[in-house]
1. Students often get this wrong, so try it: which of [x] 14.6, 45; [y] 12.7, 37; [z] 16.1, 52 is Rg and Dmax of the Cα atoms in Å as calculated from the structure shown?
2. Going by alpha carbons, how many degrees (0 to 90, nearest 10) lie between the helix axis of 45-56 and the longest principal axis of the chain?
3. Report the relative contact order of the chain, percent, no decimals, based on alpha-carbon pairs under 8 angstrom and at least 6 residues apart.
4. Nearest 10 degrees is fine. How inclined is helix 58-67 to the longest principal axis of the chain, computing both from alpha carbons?
5. Calculate for the chain the 222 nm mean residue ellipticity that helices alone would give, adding -39,500 (n - 2.57) per DSSP H run of length 4 or more and normalising by residue count, nearest 500 deg cm²/dmol.
Amino acid sequence: MKKLIARKDFTANGVNYIEGDEIKTSNYEAIVKLNEKGFIDPLSYKDLVLIKRELDNPKTFKKEEGKL
């Protein structure tokens, strides 16, 4: 999955993030909201689709990563 990097200082789910921190979340809706509000580095539609697929089928992506 593409790294989610904070663009601003903010708090999400009780966790404080400062600019440059990597955000660890597996909630697709939260990722979309953070992207829409500009709290993370901009994600394209393609990035969002790939993240959604990875979150829906994590076993498939783990197998593919091992083949590289």
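1. From the options [x] 14.6, 45; [y] 12.7, 37; [z] 16.1, 52, the structure gives [y].
2. Approximately 70 degrees, to the nearest 10.
3. Working: 65 pairs, mean separation 20.4, N = 68.
Here the relative contact order equals 30 percent.
4. The two axes meet at around 70 degrees.
5. Taking each H run of at least 4 residues, the total per residue is -14000 deg cm²/dmol.
FYI, it's all coordinate maths here, none of it is from the lab. Since the model is a prediction, treat every value here as computed from it, not as a measurement.
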